[in-house]
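The next block holds one structure in the form of structure tokens; read it before the comments.
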Amino acid sequence: MWEGEAPAEPRLPERARLGGSLALPVWVKGVIVMKLWLTVVGPAVLCAGLLAVSGCNRGQAQAAGAGQMPPQRVAVSEAVSKDVPVYLDEIGKCTALESVTITPQAAGIITERHFEDGADLKKGQVLFVIDKRPYQAALDSAKAQLSQAKAAQAFARLELDRYTAVANTRAISKTDFDTKQNAMDVANAQLEAAEAAVETAQVNLDYCTIHSPIDGRAGARLVDVGNVVKANEGSLLLIQHLDPIYADFTITERDLPEVQKQMDRGTLKTLVRLPVDSEANARTGNLIFLDNAVQDGSGTVKLRAEIPNADHHFWPGQFVNVRLVLAVKPSVLVPTVATQVSQQGLFVFKVVPDEKSPTKVAVMQQPVTLGLRHGDLVVIDSGLSPGDQVVTFGQMMLQPGSPVMVAKPGSGPESPKGEGQAAAKAEPAASADADAEGGH
């Protein structure tokens, strides 16, 4: 190498492989640097780093889990003892107290109508009028025959009186006297027949004016003015008495002995409501009828309750919910939301002293037997005593023996809505932390 000449670059192979990675020669200030491309070694190193970080985190989690779980904040309620009714809930159907189908008793043309469809009718109110002229003529004829019969009777009585006056003088024969006596008897019979004919004609005439036989509500008329009707054929109108109203329902033959037992002690009460009504709006009625036989096939017995219905709240043919109250007895009640279900059956989380810390409380899984529901409360037939505290909110994260922190009234655990809002507020902070980590 001569002075002033630049040193010649060493000739290197185009590619060299180091440890399975692709290495490319780079000339930097007279020094050969091998630039490694992460093909095999790179991913292996990266995985080893991730495993190391994961192992550290797992170790930290295990170290944190070695301590006791923090108390779960819950809301509780106390089991109470109250006198509550024992009842049977059934589905019933309303029927009218009285239901009358108006049928014509006289034939003829309907000439008048004196009501509107759906109107409230009073007993004796005129509904229809049938053409009276033929029946008025028949009545007049019957009255004429009655007058004729009365005249014949009067003449027969006059002759009999004459013959009676001379009968003892032997001026007439006994046969003539008997003939006049018989004529008198025939005249009396004809008079009675004429009187009956007048009454029949009067009744037929009265049938031409059709009255409402009951207080009730009119249905839709089935005939209009101008139609010809026949006696005792077809229907003109249906009238139903709606106040009070009946609620017919059935019970199973298994419940029949208890119902009979309670009926012997007095009249049973019923609570009747429409499916759309709340339990607080149920109408009180009396049980008035128990059928005398169990229905074949269904094994049920028919019962009937009578309910006041002045506002026509119930309607014939309408389905209703019927609660038959059998008795009233003291029972233990808790909120319905306190009850839970598991593979072993129904239970509640009962608050008890914490064995690990006497100054704190925990929960135990208490099996229970449920009875009837009363609004938001449910009867506990067995498993709890009055005064026991049960968890009503926060059961999701609880296990038997879990420590709990009972929330004070008015400052209970956050509702699902509050938890959602807290989570929404926490998300921006978590996102900011993630961005900071990404920046690093």
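FYI, it's all coordinate maths here, none of it is from the lab. What you see is a predicted model; the values in this text were computed from it and never measured. A quick note on method: Cβ atoms are made from the backbone with ideal geometry, for glycine too, and the neighbour counts reach across all protein chains shown.
In this structure, the amide hydrogen of Ile288, modeled 1.01 Å from its nitrogen in the peptide plane, lies closer than 5 angstrom to those of Arg304, Ala305, Glu306, counting only residues at least 5 positions away or on a different chain. Each residue of region 258-263 was assigned a 3J(HN,Hα) from its phi angle through the Karplus expression (A = 6.51, B = -1.76, C = 1.60, θ = phi - 60°), giving 5, 5, 4, 4, 6, 5 Hz with x at Gly and Pro.
Quick one: order Arg73, Arg162 by neighbouring beta-carbon count within 10 Å, fewest to most.
Numbers: Arg73 16, Arg162 12.
If I rank by nearby Cβ atoms, fewest first, I get Arg162, Arg73.
For Asp248 and Val225, the difference between the fully extended length at 0.36 nm per residue and the C-alpha to C-alpha distance is 4.6 nm.
The slack between Val337 and Lys174, meaning 0.36 nm per residue of separation minus the straight C-alpha distance, is 47.9 nm. Each of Val352 and Gln181 was given a label point 7 Å from its Cα along the Cα-to-Cβ line. The distance between the two points is 11.1 nm. Database remark: amide H of His374 closer than 5 angstrom to the amide H of Val379 (H placed geometrically; neighbours at sequence offset of 5 or more, or on other chains; Pro and chain starts carry no H).
So, R0 is 25 Å and r is the distance between the beta-carbons of Asp120 and Asp206; what FRET efficiency does that work out to, to 0.05? Could the numbers behind the result be given before it?
Details: r = 24 Å, r/R0 = 0.98.
Calculated value: 0.55.
Whole-Hz Karplus values for region 180-187 come out as 5, 5, 5, 4, 5, 5, 5, 5 Hz, taken residue by residue from phi with 6.51 cos²θ - 1.76 cosθ + 1.60 and θ = phi - 60°; glycine and proline positions read x.
Normalised by the residues of region 280-332, what does the relative contact order come to in percent, with Cα pairs under 8 Å and at least six apart? Write out the running numbers ahead of the final one.
Details: 34 pairs, mean separation 15.9, N = 53.
Rounded, it is 30 percent for region 280-332.
For region 163-272, the spread of Cα coordinates along the three principal axes comes to 91, 51, 22 Å, biggest extent given first.
Taking amide hydrogens as placed 1.01 Å from N in the peptide plane, the amide H of Ile214 sits under 5 Å from those of Gly124, each at least 5 positions away in sequence or on another chain.
With the cut-off at under 11 Å, measuring from each backbone N in region 305-326 to a point 7 Å along the Cα-to-Cβ line of Lys93 picks out 317-320.
Cβ-Cβ distance of Gln344 and Asp83, R₀ of 41 Å, FRET efficiency by 1/(1 + (r/R0)^6): the value works out to about 0.85.
Would you order Leu372, Leu191 from fewest to most other beta-carbon atoms within 10 Å of each residue's own beta-carbon?
So the residues, fewest neighbours to most, are Leu372, Leu191.
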